[in-house]
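Single-structure report; data block below.
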Amino acid sequence: MEEEKILKQNRIDNEEILRIKEIEQQEVDDEKLMKEKENSSSKAKISTKLFALRVTANREDQVMTFISSNIVRKKLLVYSVIRPHGMRGYIFLEAETRSDAEQAAYGIPYARGLLPNEIGYHEIEHMLEQAKKDVDIRKNDIAEIISGPFKREKCKISRVDKAKEEVVVELLEAAVPIPITLKMDAVKVIRRDSDE
């Protein structure tokens, strides 16, 4: 009897050991898959380069139009065409390869050719500015305050000053309507006034 109990116990122990090994192997396989996914996602990142295109002075807008149509027509890997304000005679192309940038500029009137060296982003960074997103906030809209001491309070827009990017609001839950001046990005429109 004791021998049978010992044999049964050994079988159970062996089965547990096999299960543990299977689980460990599964964990190792999962780690390998995760590493492969990370490597493939890092390889999928696009590396772009900036190239400067010389153009005839005061013809930058025309050249940009021609280049844009060329890029679409030839399906080139050019991601942006940059014309810095105040810099005459040059347009910058953000492309994956130099040949894509050359193909985009090939046969375009007023384009004089690419400069031989790539341009670093830090060289043109000071010429670029962040594009501001136009916020559609109107008088009598119902909004929620998303920052400041009145956070999560509902309010009604009473005045909008787009030049200063400010709004004057009145709290809905307040017993006495007190006008509060806030920045436009401190409110989020919940619903429009149905009268307008």
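Scanning segment 156-171 for residues that are at pLDDT 90 or above and either of a type in the set (Val, Ile, Thr) or touching an Asp or Glu at 6+ places or on another chain (Cβ under 8 Å) (or both) yields a total of 8.
For segment 92-134, a residue qualifies if it is farther than 29 Å from ASP185 by Cα, under 21 Å from the mean Cα position of the chain (by Cα) and aliphatic (A, V, I, L, M), and the qualifying residues are LEU93, ALA95.
Can you name the residue in segment 179-196 that is assigned to a loop (DSSP other than H, G, I, E, B) and either closer than 13 Å to ILE137 by Cβ or touching a strand residue (DSSP E or B) at 6+ places or on another chain (Cβ under 7 Å) (or both) and, of all such residues, is modelled with the lowest pLDDT? Show your work before the answer.
Of the residues in segment 179-196, the ones assigned to a loop (DSSP other than H, G, I, E, B) are 192-196.
Then drop every residue that is not either closer than 13 Å to ILE137 by Cβ or touching a strand residue (DSSP E or B) at 6+ places or on another chain (Cβ under 7 Å) (or both), which leaves 192-193, 196.
Details: ARG192: 78, ASP193: 67, GLU196: 46.
Here the residue is GLU196.
If you go through segment 73-127 and pick out every residue that is of a type in the set (D, E, K, R) and part of a loop (DSSP other than H, G, I, E, B), you end up with 5.
The strands (runs of 3 or more DSSP E) falling completely within segment 135-177 that include 2 or more residues that are farther than 14 Å from ILE190 by Cβ map to 154-161, 166-171.
Scan segment 130-138 and give yes if some residue there is over 30 Å from VAL81 (Cα atoms), modelled with pLDDT of 90 or more and either surrounded by 12 or more Cβ atoms within 10 Å (Cβ to Cβ) or of a type in the set (Ser, Thr, Tyr) (or both), otherwise no. Within segment 130-138, not a single residue is over 30 Å from VAL81 (Cα atoms), modelled with pLDDT of 90 or more and either surrounded by 12 or more Cβ atoms within 10 Å (Cβ to Cβ) or of a type in the set (Ser, Thr, Tyr) (or both).
The values are calculated or read from the model by the stated rules, or taken from the named source; none is laboratory data. Given the structure is predicted, the values throughout are model-derived calculations rather than measurements. FYI the Cβ positions are ideal-geometry reconstructions off the backbone, even for glycines, and counts take in every protein chain you see.
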